[in-house]
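I have placed the structure first, in the form of structure tokens, so that the comments after it can refer back to it.
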Amino acid sequence: MDTQNRKNAASLAAPLQRFYVLFALCLHLVVYVQAQPQLVINPVLNTKQWEASWIAHPAAAPDTYGVYHFRRSFNLPSTPDSFIVHVTADNRYRLFVNGKAVGSGPARGDKMHWSYDTYNLAPYLKVGDNVLAAQVWHMGRYRPMAQMTMGPASLLVQGNSEREAIANTNSKNWKVIQNTGFRPYPVTSQMVLNQYYATGACDSLLATHYPWSWETAAYNDQAWLRPQQIRGAIPAHFAAGYGEAEGSLVPRSIPMIEEKLQRIPKLIRSEGIKADDGFLKGKRPLVIPPHARATILLDQSHLTTAYPELWVSGGKGSSIDIAYAESLYDGNMKKGNRNETAGKRLYGYHDAFQPDGGHNRSFRPLWYRTYRYIELTITTQAAPLSLNDFYGMFTAYPFTENAAFASNDPLHQKIWEVGWRTARLCANETYYDTPYYEQLQYIGDTRIQALISLHVAGDDRLMRNALVQFHYSRLPEGLTQSRYPTDQVQIITPFSLYWVDMVHDYHTFRKDDAFVQQFLPGIQTVLSWFENRLNQNKMLSNLSWWNFVDWAPQFDRGVPKGAEDAQGTSIITLQYVYALDRAAELFQYHKAQAQHYKALAGTIRAAVYQQCFDLQKQLLADTPAKQQFSQHANVMAILTDAVPAAQQAALMQQLLSDKSLTQCTIYYKFYLMRALKKTGMGNLYTDNLGTWKAMLAQGLTTFPEEDSPGTRSDCHAWSASPLIDFLAIVCGIEPASPGFATVRIAPHPGPLKEIKGKMPHPLGIIEVTLKRKGSSGIAVEVILPEGLTGEFIWNNEKVNLLSGRQTINR
């Protein structure tokens, strides 16, 4: 909580507005400044034990909830040009220098790969007295499932060199106090309507127990305690100790997370008080009179992820409950149109704040919240309460939207906009399945999310981070965990195959053999696990764990028939073939292994076709019993060539028209669209966007987990695959060779009269503009960055492409 000398909000509205904008800009700049490559880590810190020690409050107990403040005061005779420090904590920290927020972290990882962040503090330091301060918290048993821990709440700060050693954490120069004002506000099943929830507790803050201004140099910390040194700090792969691995330190591999000001634009309704939106704009306070109870419903107008910040004055003894939700519910407990609010109420998780009567007190939760709607419930006692300001600090991984797509159909632009928002909200320190309910990085979701990142942002850092983390998650029996990092092991068997596919995706888009090579031994163990479970008919059967494929209603728990019994499953067997085909390419320098994978894939492919293809129906069945038929099995048959190429177009037509088949939900439509393109039917793509159009008609501002009215999550980035498809199918931009060394552009505009797209490439931006001429002609302009060549394909005709601008008329 920053302490600012802020005057009355009502009388200084314009200065406050300027302050908020400048404050947000400063935070936004912090995100990028801290990630600059000139912040070189002293190589000595990668080979020896650090001089700094992990420190904790003397009474802090392992895995116990607690919020603590640490301070280090020091005097500087002059301001340094550079002052580089490395910071981490267990569970998390927020760092301040002389009262100014500098950054927060660490990025989530596991116990053997504990991330630390690197900062240059020089811009925040001054001649004379300075204070380095950190708020550190440990959620204990209330922590998110994605949060691992090594012990009590603790802090580690290490100077990059002798010059910065003054900042090193130890029991001599640092001080600590426990903030007893913070308490966990557990999320109950009633709050989330009995849905699966794994994001951790919310916060309750009792302001009378909060040490206001604790982060400033002027604060008197005489009563604070000396911390205890709980353990040394060691870099990963430390070779001079006795094999200690827990807490091994690794430098942050992703940029600092974005924060920027985001105003709440709408006050929907209020009860118990006549309210206006002045306090939402920071222009004038809303005063709640004594002995009152008021409820205020707010609408962000779209789903977001943000740190809500509430500023109040007075109101001693009052209570403020802040509830957050993705959507509202009607009397039948249905979400309905997300824009409709009349007769609906909010169900969601809550924060709580009890002001102490002070002036311009602020509440900001320890972790961000996901919301479209916020409901404030306020109860006052003998003193009035002024709500001076309320806004969010939007937060997400700092992706830049470097791609674009437009057509003569304006609905496509709306799908793009909503899809990109979905992708952004599901990316933070890792990819998230859903930002509201879980914040867990699942491989099945992450494959699609990573491809979105490559297509739209051209930023591969979060994808690389995910690939490495899934690599670290591998279990002794050979599989990866289905989600990671997490302190609770879960195995979704087919997701290990998607990790193999993800490595191949990276290999396709980036020339980075050394990075890819590290995964080959793990890929072998994954593929061997499945090979050992092929039955005598060369199909996968009696599979362990959870064999989720899709949330289709006909699949119990998302599992197709034959996966967990002796019949055998054509779907997961062909997913295995799909991974084998890709592994054969990855093992190009290991010819014997590559040849084994090719031969095995061929054998399995033939066996599945022989046992599961129904000649009368001309469809591949889900099992050899040929009683269940799905789009999923036949999509995989097309993608793996289990069905002869000459039959694939007719099969695809049948998949699109036969509604008796188990249908792909919004998640698996990603693979359906890959099959559509493979069969040469990409021109039908825009005719198959009905699912996304229907969701827009329901007022969704992000795309959900399921394309059904009862979907749990309103934001699930596996549903944002049109961002990929608009570029890869409609514009037809795709790598033509590994590492994106060359490009292929084969547009599929379908009925569209005009399309325009651009997509990032390591060498620059690829641009494509296509306009129809008459009934069959086209005018195309292609711009390739310097150093990139490729080919343009239209009606089976190939045109060579060179760097720069070129036009094609047909």
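Overview of results
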| read-out | value |
| --- | --- |
| For segment 315-454, the Rg and Dmax computed from alpha carbons only, in angstrom | 19.1, 61 |
| Charge dipole magnitude, Cβ of K and R +1, D and E -1 - segment 533-680, Cα centre, debye nearest 20 | 280 debye |
| The chain: equivalent-ellipsoid semi-axes (sqrt of 5 x gyration tensor eigenvalues, Cα, Å) | 47, 32, 27 |
| Descending semi-axes in whole angstrom, ellipsoid equivalent of segment 391-472, from the Cα gyration tensor | 23, 15, 12 |
| SER204 long-range amide H proximity, modeled H, under 5 Å | ARG183, TYR185, ALA352 |
| Dipole of segment 167-237 [Lys/Arg +1, Asp/Glu -1 at C-beta], most positive-end residue of ASN170, HIS209, SER189 | ASN170 |
| With DNA, RNA and ligands ignored, accessible area of ILE268 (1.4 Å probe; Å², nearest 10) | 60 Å² |
| Helix-derived mean residue ellipticity, 222 nm - over the chain, DSSP H n ≥ 4, -39500 (n - 2.57), to 500 | -7000 deg cm²/dmol |
| Kirkwood Rh and Cα Rg combined as Rg/Rh, segment 93-216 | 1.01 |
| Helix runs (DSSP H) in the chain reaching 18 Å along axis by Cα, Kyte-Doolittle at least 1.0 | 13-33 |
| Relative frequency of Cα-Cα separations exceeding 23 Å in segment 258-396, percent | 30 percent |
| Trypsin sites (Lys or Arg not before Pro) restricted to DSSP loop in segment 143-228 with at most 11 other C-beta within 10 Å | LYS172 |
| Heavy-atom surface of segment 260-310, accessible at 1.4 Å and reported per residue (Å²) | 42 Å² |
| Student exercise, the chain dipole from Lys, Arg, Asp, Glu Cβ charges, in Debye to nearest 20 | 1120 debye |
| Relative pair counts by distance (%), Cα atoms of segment 533-680, 5 Å bins | 2, 10, 20, 23, 21, 14, 7, 2, 0, 0 |
| Average silhouette area of segment 599-697, convex hull of alpha-carbon atoms, in square nanometres | 6.7 nm² |
| Other-chain or far-sequence residues with amide H under 5 Å of ILE264's (modelled H) | GLY392 |
| Filtered trypsin sites (Lys or Arg not before Pro), segment 268-331: DSSP coil and at most 11 other beta carbons within 10 Å | LYS274 |
| Karplus-derived HN-Hα couplings along segment 782-795 (A = 6.51, B = -1.76, C = 1.60, θ = phi - 60°), whole Hz, x at Gly and Pro | 10, 10, 10, x, 4, x, 10, 10, x, 9, 10, 10, 8, 6 |
| Computed FRET value (nearest 0.05) for TYR472 with THR208, which takes r as the C-beta separation and R₀ as 35 Å | 0.20 |
| Segment 343-416: proportion of alpha-carbon pairs further apart than 20 angstrom, % | 58 percent |
| Within the chain, percent of DSSP bridges classed antiparallel, to nearest 5 | 90 percent |
| Cβ-placed point charges (K, R +1; D, E -1), dipole of segment 258-396 about Cα centre in debye, nearest 20 | 240 debye |
| Area of THR64 that stays accessible when all protein chains are in place (1.4 Å probe, Å², to 10) | 60 Å² |
| Along each principal axis, Cα extent of segment 471-572, largest first, Å | 41, 32, 27 |
| Long-range amide H partners of GLN490 with built H, under 5 Å | SER482, ARG483 |
| Rg over Rh [alpha-carbon atoms, Kirkwood Rh] for segment 636-746 | 0.99 |
| Where segment 533-680 is the region considered: accessible area per residue in Å², 1.4 Å probe | 39 Å² |
| Apportionment of accessible area to carbon and sulfur, the chain, percent (1.4 Å) | 51 percent |
| Translational D in µm²/s for segment 575-621 (Stokes-Einstein at 4 °C, 1.567 mPa s, Kirkwood Rh from C-alpha pairs) | 113 µm²/s |
| Square roots of 5 times each gyration tensor eigenvalue, C-alpha, segment 696-768, largest first, Å | 30, 16, 10 |
| Segment 275-283 - phi-based ³J(HN,Hα) in whole Hz, Karplus 6.51/-1.76/1.60, Gly and Pro as x | 10, 10, 9, x, 6, 6, 9, x, 9 |
| Karplus-derived 3J(HN,Hα), 6.51/-1.76/1.60, for each residue of segment 148-156, Hz, glycine and proline x | 8, 8, 10, x, x, 4, 8, 10, 9 |
| Of LYS100/LYS175; LYS511/LYS758; LYS111/LYS260; LYS677/LYS756; LYS126/LYS283, those spanning more than 25 Å from alpha-carbon to alpha-carbon | LYS111/LYS260; LYS126/LYS283 |
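The values are calculated or read from the model by the stated rules, or taken from the named source; none is laboratory data. The shown structure was predicted, so the numbers you read here are calculated from the model rather than taken from an experiment. With ideal geometry, Cβ positions are generated from the backbone for all residues, glycine too; neighbour counts draw on all protein chains shown. With ligands, DNA and RNA removed, areas are computed over all heavy atoms of the protein, side chains included. Shrake-Rupley method; radii C 1.70, N 1.55, O 1.52, S 1.80 Å.
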